[in-house]
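**Q** One structure coming up, written as structure tokens, with questions to follow.
The values are calculated or read from the model by the stated rules, or taken from the named source; none is laboratory data. Because the structure is a prediction, the values reported are computed rather than measured. Note: ideal-geometry Cβ built from the backbone for every residue, glycine included; neighbour counts use all protein chains shown. Note: accessible area is taken over every heavy atom of the protein model, side chains too, but ligands, DNA and RNA are not part of it. Shrake-Rupley method; radii C 1.70, N 1.55, O 1.52, S 1.80 Å.
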Amino acid sequence: MTERGDVIYEVRNLCKRYGAVVALDDASMKLHAGEVVGLVGDNGAGKSTLVKCLSGAHQPTSGQILLDGVEREWSSPHDAIQAGVETLYQDSGLAPHLSVSANVFLGREELKPGILGKMGFLAQKSMDTRAHMDLDRVGIAVPASGRSVAQLSGGQRQAVAIGRAVAWASRVIILDEPTNHLGARQAGEVLHVIQRAKEQGLGVIFISHTLPHVLQVTDRVVVLRLGRVVKDAPTSDFDVDSLLGTITGLITD
Amino acid sequence: MATTDVKQPSSPVTQVVAPTSRLKSALANQQLLLLIVWLVMVLGFSLKSPIFFSVDVAGNIFADWGPLVLIALGELIVVISAGIDLSVGANVGFSGVIAAFAMKALTTAGVASTPTLLIGVLVCVVVGSLIGLINALLINYAKLVPFIATLVTLGAASGMSLVLTKGAPIMGGPAGGIMLSVPWIGPFSKPVLVVIVVVAVMWAFLHKARFGRYTYAIGSNAFAARAAGIDVKRHIVKIYMLSGFLAGLAGFFFYLRLGGGAPTSGYGMELDAIAAVVIGGAALAGGVGRVSGTVLGALILTTVTSGLIIVGVDPSWKRVVVAVLIAVAATLQALRKSEGGAS
Ligand SMILES: Nc1ncnc2c1ncn2[C@@H]1O[C@H](COP(=O)(O)OP(=O)(O)O)[C@@H](O)[C@H]1O
Ligand SMILES: [Mg+2]
């Protein structure tokens, strides 16, 4: 087991209802610095809902969210981003009509120096160069920064989305099914990126249906079923069969 | 050329090949196509009528183009954000009428022409922006879709204009106003030159500044924009207020031409604005559109109108010509989308 630091991100007794649907039911979990937690569960288990609460995209119906032990309320994704929590959403995290570099810098545009910058003019060249470097540094395939995202393949889009999240995260990075749409080799690169983020001391929440990936890269696994946390244990406690059994409910404690 | 500065992806994902055929790159350049269409029109009308190619006719075309391009640019930013603003035409009439009342009162009170006109333009853009603000509030907080929200303000503003004026133009403003509308440099009047400056400013803010970046992002994927930390509601307010501001400016333009505020000014112009935007290559689904396209779209519309009258064709044909242009532009848009968007 690797060294793990203090608890950085925590949820306590989180509930989220969409009308009559209870998507999250009293869910609690902790994430330490330098730790990768796998979040698994069947379709509809509430994984994406938990992610959206953690990222500020949705507001929980009740329960607490704590960053560095301090209770926080995210009224929008902006708040969570400002606090260093980056999220890759399962679908639609990018603006397809914008260029790669515009997407990497979306919401954090670099402005020209001086009066032009005050008026909101963009330092486009500098952003293009930096976007290229940031994606490169992350170590994943880098498409041309000037091309619009709609012209990229599914895998390339995913690479941009991951690169953006990793480039900006300073505390926590949440990846909702980041290996979707990816071939085996690209998925391997994503796992490598996760490993690197962990080594930098970030807390990582990794969601995936590919259980071998989960077992390979995570330190701990949290299993959700029908909005409840049914298991929270070190990854070394599981193999593929026992993890699958826990997810489907065939194995219960 | 795309391969030199591109790092090869480390897995065999399909590389997008730059369209090389002439047809494809021509399709991709809407502005060039529009320029050609416009030049062909000018050539055609000039061959048909000896008086078409003149400073006078150009002056008329630009005098029509000025207010149209103002509201079309407002419509453009709204459309790029995946919205629609049906209230711009009614806004033109309403802001012009309110400003006319104000300027009439000031003139009656003996205030000089120039300060009265300055107050008049201020009233126009403030009233116009307020209508835009109401649109944005209806969209953000009453959760109306833009079509309905701006239909509401269209009805309210045009109805109010008629009620307040009892249907007649409000005259009696400053004497110097109407003189401003005559050509000053070549075919351009002073108001038209102001419009050209507004076009340049809009180009810069839409294509070079953060305002435009957020506008495209919201139209392209509002969830992604919000997830990236953009305050989408606040930006929606800016977009619709800017559209209203430009409509108010167009209202003042009409006031100057008419020498008064008519409740019917701008009537139905929202459709011309939408036509200019669509002919200019914008997509109503959002995320696509350029200032240059809209400027040319508006120029084509006003050239067709003047040209048909001058060559003696029933100007009602304008509607047919515009319909064809919209159909062609929308088809090109659809083709471009199906070719460009790998998924
Ligand atoms: N925006 C929403 N409105 C209504 N119900 C939703 C919404 N998002 C998710 N749900 C419901 O909440 C439950 C959990 O969904 P989700 O969090 O997407 O699960 P997972 O990501 O684990 O597949 C499902 O029953 C889903 O239908
Ligand atoms: Mg999900």
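**Q** Sorted by accessible area (1.4 Å probe), largest first, how do A:E86, A:E199 line up? Could you put the intermediate results ahead of the total?
**A** Numbers: A:E86 10, A:E199 135 Å².
Descending accessible area places them as A:E199, A:E86.
**Q** Can you give the accessible area of A:T49, probe radius 1.4 Å, in Å² rounded to 10?
**A** The accessible area of A:T49 comes to roughly 20 Å².
**Q** Sorting A:K125, B:K143 by accessible area (1.4 Å probe), largest first, what list results? Provide the component values of the computation, followed by the final result.
**A** On the way: A:K125 170, B:K143 140 Å².
The residues order as A:K125, B:K143, largest area first.
**Q** Can you tell me the relative contact order of chain A? Whole percent, Cα pairs under 8 Å, sequence separation 6 or more. Could you put the intermediate results ahead of the total?
**A** On the way: 515 pairs, mean separation 66.4, N = 253.
Once normalised by length, the contact order is 26 percent.
**Q** If r is the Cβ-Cβ distance from B:A156 to A:D239 and R0 is 51 Å, what FRET efficiency results, to the nearest 0.05?
**A** Details: r = 67 Å, r/R0 = 1.32.
Calculated transfer efficiency: 0.15.
**Q** Apply the Karplus parameterisation 6.51 cos²θ - 1.76 cosθ + 1.60, with θ equal to phi minus 60°, to every residue of the stretch B:247-252 and state each ³J(HN,Hα) to the nearest whole Hz, in sequence, with x for glycine and proline.
**A** 5, x, 4, 5, x, 5
**Q** What value does the stretch B:110-209 have for Rg/Rh, both radii from Cα atoms and Rh as Kirkwood defines it? Could you put the intermediate results ahead of the total?
**A** On the way: Rg = 17.6 Å, Rh = 16.7 Å.
Rg/Rh for the stretch B:110-209 comes to 1.05.
**Q** Now, a different point. Can you work out ³J(HN,Hα) from phi for every residue in the stretch B:306-320, in order, using Karplus 6.51 cos²θ - 1.76 cosθ + 1.60 and θ = phi - 60°, giving whole Hz and x for Gly and Pro?
**A** 5, x, 4, 4, 5, 7, x, 8, 3, x, 4, 4, 3, 4, 5
**Q** Would you compute, for the Cα atoms of chain A, the largest minus smallest coordinate along each principal axis and list the three values in descending order, in whole Å?
**A** 62, 38, 37
**Q** Once amide H atoms are built 1.01 Å from N in the peptide plane, which residues 5 or more positions from A:K231, or in another chain, come under 5 Å H to H?
**A** A:V223
**Q** 5 Å is the cut-off here: which amide hydrogens, built 1.01 Å from N in the peptide plane, fall below it relative to B:S189, excluding neighbours closer than 5 in sequence?
**A** Amide H neighbours of B:S189: B:W184.
**Q** Strictly greater than 36 Å: what percent of every Cα pair in the protein assembly as shown meets that? The partial results should precede the final answer.
**A** Details: 82417 of 177310 pairs.
When every Cα pair of the protein assembly as shown is considered, 46 percent fall beyond 36 Å.
**Q** To continue, here is another question. Would you tell me the accessible area of A:Y89, worked out with a 1.4 angstrom probe on the heavy atoms of the protein chains, in Å² to the nearest 10?
**A** Only protein atoms counted, so the area is about 20 Å².
**Q** With a Förster radius of 60 Å, plug the Cβ-Cβ distance of B:W184 and A:D68 into 1/(1 + (r/R0)^6) and report the FRET value to the nearest 0.05.
**A** 0.40
**Q** Here's another thing I want to ask about it. How are the C-alpha pair distances of the stretch B:53-267 spread across 10 Å bins, as whole percents from the shortest bin up?
**A** Histogram of Cα-Cα distances, whole percents per bin: 9, 33, 32, 19, 6, 0.
**Q** Let me ask something additional. Compare B:V182, B:V295 by solvent-accessible area with a 1.4 Å probe and give them largest first, with all protein chains kept in place. Working shown, then result.
**A** Values: B:V182 70, B:V295 30 Å².
Per-residue accessible area, sorted high to low, gives B:V182, B:V295.
**Q** Where does the stretch A:1-117 land on the Kirkwood hydrodynamic radius, alpha-carbon pairs, in angstrom? Please list the in-between numbers first.
**A** Details: mean 1/r = 0.0619 Å⁻¹.
Kirkwood hydrodynamic radius for the stretch A:1-117: 16.2 Å.
**Q** Here's something else I'd like to know. Nearest 10 degrees is fine. How inclined is helix B:269-279 to the longest principal axis of chain B, computing both from alpha carbons?
**A** Between the helix axis and the principal axis of chain B, the angle is about 30 degrees.
**Q** How many Å² of accessible area per residue for the stretch B:53-267, probe 1.4 Å? Write down the numbers at each step before the final one.
**A** Values: 8460 Å² over 215 residues.
Accessible surface, normalised per residue, equals 39 Å².
**Q** I'd like the mean, over residues of A:144-157, of how many other protein chain beta carbons sit within 10 Å of each residue's own Cβ. Let's see the in-between values first.
**A** Numbers: counts 7, 2, 3, 4, 5, 4, 8, 7, 7, 8, 4, 5, 7, 3.
Per residue, the number of nearby Cβ atoms from other chains is 5 on average.
**Q** Could you size up the charge dipole of the stretch B:53-267 around its Cα centre, putting +1 on the beta carbon of Lys and Arg and -1 on that of Asp and Glu, and report it in debye to the nearest 20? Display every interim value, and only then the final one.
**A** Numbers: 12 positive and 5 negative charges, 109 e Å.
Around 520 debye, computed over the stretch B:53-267.
**Q** As a test question: what accessible area, to the nearest 10 Å², does B:W203 have when a 1.4 Å probe is rolled over all protein chains in place?
**A** Roughly 110 Å² of B:W203 is accessible to a 1.4 Å probe.
**Q** Mind listing the Cα extents of the stretch B:202-304 along all three principal axes, in Å, largest one first?
**A** Sorted from largest, the Cα extents of the stretch B:202-304 read 49, 27, 23 Å.
**Q** In whole Hz and in residue order, list the ³J(HN,Hα) couplings for the stretch A:213-221 that follow from phi through the Karplus curve 6.51 cos²θ - 1.76 cosθ + 1.60, θ = phi - 60°; x for Gly and Pro.
**A** Going residue by residue, I get 4, 4, 5, 6, 10, 9, 9, 9, 10 Hz, with x marking Gly and Pro.
**Q** How far, in degrees from 0 to 90, does helix B:55-80 lean away from the longest principal axis of the Cα atoms of chain B, to the nearest 10?
**A** 60
**Q** If you fit an axis through the alpha-carbon atoms of helix B:88-108 and take the longest principal axis of the Cα set of chain B, what angle between them do you get, 0 to 90°, nearest 10?
**A** The two axes meet at around 30 degrees.
**Q** Can you list the residues, at least 5 places off or on another chain, whose amide H is less than 5 Å from the amide H of B:G176, using H built in the peptide plane?
**A** none
**Q** Enter the mean number of other protein chain beta carbons within 10 Å of the beta carbon of each residue in B:205-217, as an integer. List each step's numbers first, then the result.
**A** Working: counts 3, 0, 1, 7, 9, 9, 4, 2, 10, 4, 0, 4, 8.
The mean count of partner-chain Cβ atoms within 10 Å per residue comes to 5.
**Q** Follow-up question, since we're still on this one. Please give the FRET efficiency for B:H207 paired with A:N43, using the beta carbon to beta carbon distance and R0 = 35 Å, rounded to the nearest 0.05. Numbers along the way, then the final one.
**A** Values: r = 42 Å, r/R0 = 1.20.
Once rounded, the FRET efficiency stands at 0.25.
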